[in-house]
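S.K.: Structure in structure tokens, see below.
The values are calculated or read from the model by the stated rules, or taken from the named source; none is laboratory data. No experiment lies behind these values; they were computed from the predicted model shown. As a convention, Cβ positions derive from the backbone with ideal geometry for all residues, glycine included, and neighbour counts pool all protein chains shown.
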Amino acid sequence: MKSQEQGVLRIVALARRAEGRTRFSRSLEVSARALVAALCVSIIDVAMRKVGLFGELIARGVLVASLISVLCVATLAWAWPLPEYSGARALDRFYDLHDALANALAFSVQSPSERTPFMEAAIEDAILLARDLRPAAAVPIGFPSSLVAPAMLATVFAALLTFEVRRHVP
């Protein structure tokens, strides 16, 4: 394998790691929002069960459906397609490379006989620039900004689970 091919494979690996971090971050953010809706439904479900409007089977079914819906939303957010070369573009933006990595990946797809000397030079420059790049710095995975609401709703849900509604039988 030529050194240019190894360099391009390194750029591809860096771009994939950046894309994975983007997907994970997006999945966390969307899951936190979905968790708010699921916790609201769960609170209403448990309250209805405690009052006696729902049976045990229906209440458990709603709780399981809420959990499954959050997992499905997280999976869909992960699997939702990203734009082409989004990982390379994220690295380009962070390190101010003026699309050097994305261009190199686009140029490397063409066969070597179709590449111009400019394309070869752009690929070589990108390989040199990619030596010190870190996807973790370019695409940080932060705590979802909307975790306060799920935390508060989870507290309400836990408190609701502790209450007991007694029925007095005459």
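S.K.: Any chance you could count how many residues in the range 1-56 are in a helix (DSSP H, G or I) and closer than 30 Å to Asp92 by Cα?
M.R.: 31
S.K.: Which residue pairs have Cβ atoms under 9 Å apart, sit 6 or more places apart or on different chains, and have a first residue in the range 56-69 that is under 15 Å from Cys40 (Cα atoms) and in contact (Cβ under 8 Å) with a residue 24 or more places away in the chain and a second that is surrounded by 13 or more Cβ atoms within 10 Å (Cβ to Cβ) and acidic (Asp, Glu)?
M.R.: Ser66/Asp45
Residue by residue, here is whether (1) out of contact with any Lys or Arg (no Cβ under 8 Å at 6 or more places or on another chain); (2) modelled with pLDDT of 90 or more holds:
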site	(1), (2)
Ala130	no, yes
Pro135	no, yes
Met152	yes, yes
Ala158	yes, yes
Phe163	no, no
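S.K.: If you go through the range 83-99 one residue at a time, do you hit one that is closer than 16 Å to Gly20 by Cα and surrounded by fewer than 16 Cβ atoms within 10 Å (Cβ to Cβ)?
M.R.: yes
S.K.: Could you count how many residues in the range 118-162 are more than 24 Å from the chain's Cα centre (by Cα) and within 26 Å of Ala34 (Cβ to Cβ)?
M.R.: 8
S.K.: Among the residues of the range 108-145, how many are under 16 Å from Gln6 (Cβ atoms) and either surrounded by 17 or more Cβ atoms within 10 Å (Cβ to Cβ) or in contact with a strand residue (DSSP E or B) (Cβ under 9 Å, 6 or more places away or on another chain) (or both)?
M.R.: Looking only at that region, the number is 7.
S.K.: Shifting gears a bit: Restricting to the range 134-162, count the residues that are under 21 Å from Asp92 (Cβ atoms) and not in a helix (DSSP H, G or I).
M.R.: Qualifying residue count, the range 134-162: 5.
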